[in-house]
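Student: Take a look at this one; I'll ask things after.
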Amino acid sequence: MNTKSIFSLTAAALLAASLHATTPGWQADVDKMIANGDFAKAELLMKKLPRDERMAQAVRIDSLNTIMKRIRADFSLTPEQGVAKIKERMPEATNAQIENWKKTKKLEVMTIDGKEMWFHKSVRNLWLLADEFATSNMADQQETTAERVNDFRVAMAADCDARGVRFWNKVQVTFTLDVDADVVPAGEVIRAWLPFPMENKRQRNIKFISSNLPATFSDGSIHHTVYMEAVAQKGKPTHFEQTFSYEVGEWHIAKQDMLVLLKPYDTNSQLYKRYTMSEPRHMIIDADITARAREIVGNETNPIEQASLLLKWIGTNFPWAGAREYSTIANIPNYVLNSGHGDCGQVTLLYITMCRSLGIPARWESGYMVQPNFNDFHDWCETYFEGIGWVPTDPSFIRGSVGTVIEDYYMSGLDVYRMASNEGVGGELSPAKQYIRTETVDFQEGEVEWKGGNIYNNKFSSHFTVNSFTPCK
């Protein structure tokens, strides 16, 4: 049996649920070995399993082996290469400084099979995390915050509609995905999933304009997509393209208004139960998360004030840094707590999980930033308050805004420069993907596969192009 050919989405689900479902006895040893960087031992243990067990657990075994492969790819920088990169920019850096940066996790390193390896983004992240560069980083944050304050004031000058949404803009986007030539044999069918906007209070009038191939829209998935198929041609890249438009508006509710409208939670409602529960793999309400959240809010019992305290604490204590691949991290909120930094999705998962540990419903939302001169992946969420409903929350944008006019804005508001396409994490695509996704948590750059397996993102490129961004009449 070729285990590579059966590495399916089910494999990711099995691996994700390994701490919460019945698993083979040997997996606890393998999980520990992987956590300790003893990859060769883990691989050998699985190779030595009885043949019947290896056949029965082939999907699970392939998942674990692939996670180790992805970790090796993330931690691909040798210490010698890392030190050389540091000294290119900071020749005066001493060995003692470098050792201290590793000790304080400003440089992310891992010992794999007895050999120290550095995260390939660790040197770039160093300039964002080390105390020596705090002053320049603060200046950059202040400049970014000033731009957001200006956006906030422009939006506030517009009139609200009946649902409290204002500053509606129409956005037209072209999304392309190109699979490298000869990644799969000529004549084979390549399957592709591309992101597509979803309807919500802040997005409306979504229109599919065109595609270069027949397209199918997702049905029932938390990841909103357009699906296409193409036949690979020898020597040529395989091109997928779609153009769509949607309208997006700014919405927020002031904290003082929320405090007036707030009601006690209906703890028996399905909504409350659904969004205050643990959700494998990255929204696990454990003792550490709960204790830390309780420590942050102290004696405060009002959920609005509790959420505000959580956001301010996250925004103050966890600077942005380039992230490891999410699929290689066992529990992202705990990873953020231990590493002392996180990108937008990582701090969002920490916030959601802390909220849920306090009995405050919270849920994921993500897609793209679509600013006129800049677009990129971005993750945020929504927080539910009884008597008010779901309000958008951007934990990442709290960073640098503490003490400004928008300190509370991103707790219960969102600017117009967004395209939301995901309403959860780690879901199944529509139509179902046979193999494990490249990105097992979020969905933004697209996913591709053929009958022989997943096509990883080092074999394709995708581009999100904002063609126009104009105020609605």
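The values are calculated or read from the model by the stated rules, or taken from the named source; none is laboratory data. This is a predicted model, so every value here is computed, not measured. Don't worry about glycine lacking a Cβ; one is built from the backbone with ideal geometry, like all the others, and counts go over all protein chains shown. When the accessible area is computed, the model is the full protein with side chains, heavy atoms only, and any ligands, DNA or RNA have been set aside. Shrake-Rupley method; radii C 1.70, N 1.55, O 1.52, S 1.80 Å.
Student: Which residues, taken from the range 128-176, are among the charged types (D, E, K, R), modelled with pLDDT under 85 and under 20 Å from GLY342 (Cα atoms)?
Tutor: Within the range 128-176, just ASP140 meets the criteria.
Student: Just to be sure I understand, how many residues within the range 157-179 are over 26 Å from SER462 (Cβ atoms) and open to solvent by less than 60 Å² (accessible area, probe 1.4 Å)? Give the derivation first.
Tutor: Going through the range 157-179, the residues over 26 Å from SER462 (Cβ atoms) turn out to be 157-168.
Applying the additional criterion that residues be open to solvent by less than 60 Å² (accessible area, probe 1.4 Å) yields 158, 161, 164-168.
Going through the range 157-179 one residue at a time, the tally reaches 7.
Student: So which pairs qualify, if the first residue must be in the range 262-280 and assigned to a helix (DSSP H, G or I), the second must be surrounded by fewer than 14 Cβ atoms within 10 Å (Cβ to Cβ), the Cβ gap must be under 8 Å, and the two must be at least 6 apart or on different chains?
Tutor: TYR272/ASP266; LYS273/THR267
Student: Could you list all residues from the range 281-291 that are part of a helix (DSSP H, G or I) and farther than 18 Å from CYS381 by Cβ?
Tutor: To start, the set of residues in the range 281-291 that are part of a helix (DSSP H, G or I) comprises 287-291.
Across the range 281-291, the qualifying residues are ALA287, ASP288, THR290, ALA291.
To keep it simple, each residue is scored yes or no on (1) assigned to a loop (DSSP other than H, G, I, E, B); (2) over 17 Å from THR328 (Cα atoms).
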residue: THR23; (1), (2): yes, yes
residue: ALA42; (1), (2): no, no
residue: MET55; (1), (2): no, yes
residue: ASN65; (1), (2): no, no
residue: ARG70; (1), (2): no, no
residue: ALA84; (1), (2): no, yes
residue: GLU88; (1), (2): no, yes
residue: GLU92; (1), (2): yes, yes
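Student: Here is a follow-up. Looking at PRO333, PRO303, PRO372, can you tell me which residue is out of contact with any Gly (no Cβ under 6 Å at 6 or more places or on another chain), at pLDDT 95 or above and more than 29 Å from THR104 (Cβ to Cβ)? First the steps, then the outcome.
Tutor: Working: PRO333 fails: more than 29 Å from THR104 (Cβ to Cβ); PRO372 fails: at pLDDT 95 or above.
Answer to the check: PRO303.
Student: I'd like to know if the range 280-297 contains one or more residues that are open to solvent by 40 Å² or more (accessible area, probe 1.4 Å), under 16 Å from the mean Cα position of the chain (by Cα) and among the charged types (D, E, K, R).
Tutor: yes
Student: State which residue pairs qualify: first residue within 12 Å of MET68 (Cβ to Cβ) and open to solvent by 80 Å² or more (accessible area, probe 1.4 Å) and inside the range 27-51, second residue assigned to a loop (DSSP other than H, G, I, E, B) and of a type outside the set (A, V, I, L, M, F, W, C) in any location, beta carbons under 9 Å apart, and separation of 6 or more residues or different chains.
Tutor: If the second residue must be assigned to a loop (DSSP other than H, G, I, E, B) and of a type outside the set (A, V, I, L, M, F, W, C), the pairs left are LYS41/ASP113.
Student: Out of curiosity, is ALA186 surrounded by 12 or more Cβ atoms within 10 Å (Cβ to Cβ), more than 28 Å from the chain's Cα centre (by Cα) and more than 18 Å from HIS463 (Cβ to Cβ)? Before the answer, list the steps.
Tutor: Details: surrounded by 12 or more Cβ atoms within 10 Å (Cβ to Cβ): yes; more than 28 Å from the chain's Cα centre (by Cα): yes; more than 18 Å from HIS463 (Cβ to Cβ): yes.
The answer is yes for ALA186.
Student: What number of residues within the range 434-454 are at pLDDT 95 or above and assigned to a strand (DSSP E or B)?
Tutor: Number of matching residues: 4.
Student: Then there is this: May I ask you to say which residue of THR301, THR290 is out of contact with any Lys or Arg (no Cβ under 6 Å at 6 or more places or on another chain), under 14 Å from ILE352 (Cβ atoms) and among the hydroxyl-bearing types (Ser, Thr, Tyr)?
Tutor: On the way: THR301 fails: under 14 Å from ILE352 (Cβ atoms).
Result: THR290 is the single residue among THR301, THR290 that is out of contact with any Lys or Arg (no Cβ under 6 Å at 6 or more places or on another chain), under 14 Å from ILE352 (Cβ atoms) and among the hydroxyl-bearing types (Ser, Thr, Tyr).
Student: From (1) at pLDDT 90 or above; (2) surrounded by 15 or more Cβ atoms within 10 Å (Cβ to Cβ); (3) of a type in the set (Lys, Arg), pick out the condition that doesn't hold for ARG60.
Tutor: (1)
Student: Assess whether GLN233 counts as being over 23 Å from GLY387 (Cα atoms) and surrounded by fewer than 17 Cβ atoms within 10 Å (Cβ to Cβ).
Tutor: Values: over 23 Å from GLY387 (Cα atoms): yes; surrounded by fewer than 17 Cβ atoms within 10 Å (Cβ to Cβ): yes.
In short, yes.
Student: Okay, next question. Any residue at all in the range 308-316 that is in contact (Cβ under 8 Å) with a residue 60 or more places away in the chain, touching a helix residue (DSSP H, G or I) at 6+ places or on another chain (Cβ under 9 Å) and open to solvent by 30 Å² or more (accessible area, probe 1.4 Å)?
Tutor: Yes, there is a match, as at least one residue in the range 308-316 is in contact (Cβ under 8 Å) with a residue 60 or more places away in the chain, touching a helix residue (DSSP H, G or I) at 6+ places or on another chain (Cβ under 9 Å) and open to solvent by 30 Å² or more (accessible area, probe 1.4 Å).
Student: Residues being open to solvent by less than 60 Å² (accessible area, probe 1.4 Å) and either in a loop (DSSP other than H, G, I, E, B) or out of contact with any Gly (no Cβ under 6 Å at 6 or more places or on another chain) (or both): count how many of those fall in the range 194-222.
Tutor: Narrowing the range 194-222 to residues open to solvent by less than 60 Å² (accessible area, probe 1.4 Å): 194-198, 200, 202-203, 206, 210-211, 213, 215, 218, 221-222.
From what is left, the residues that are either in a loop (DSSP other than H, G, I, E, B) or out of contact with any Gly (no Cβ under 6 Å at 6 or more places or on another chain) (or both) are 195-198, 200, 202-203, 206, 210-211, 213, 215, 218, 221-222.
Of the residues in that region, 15 qualify.
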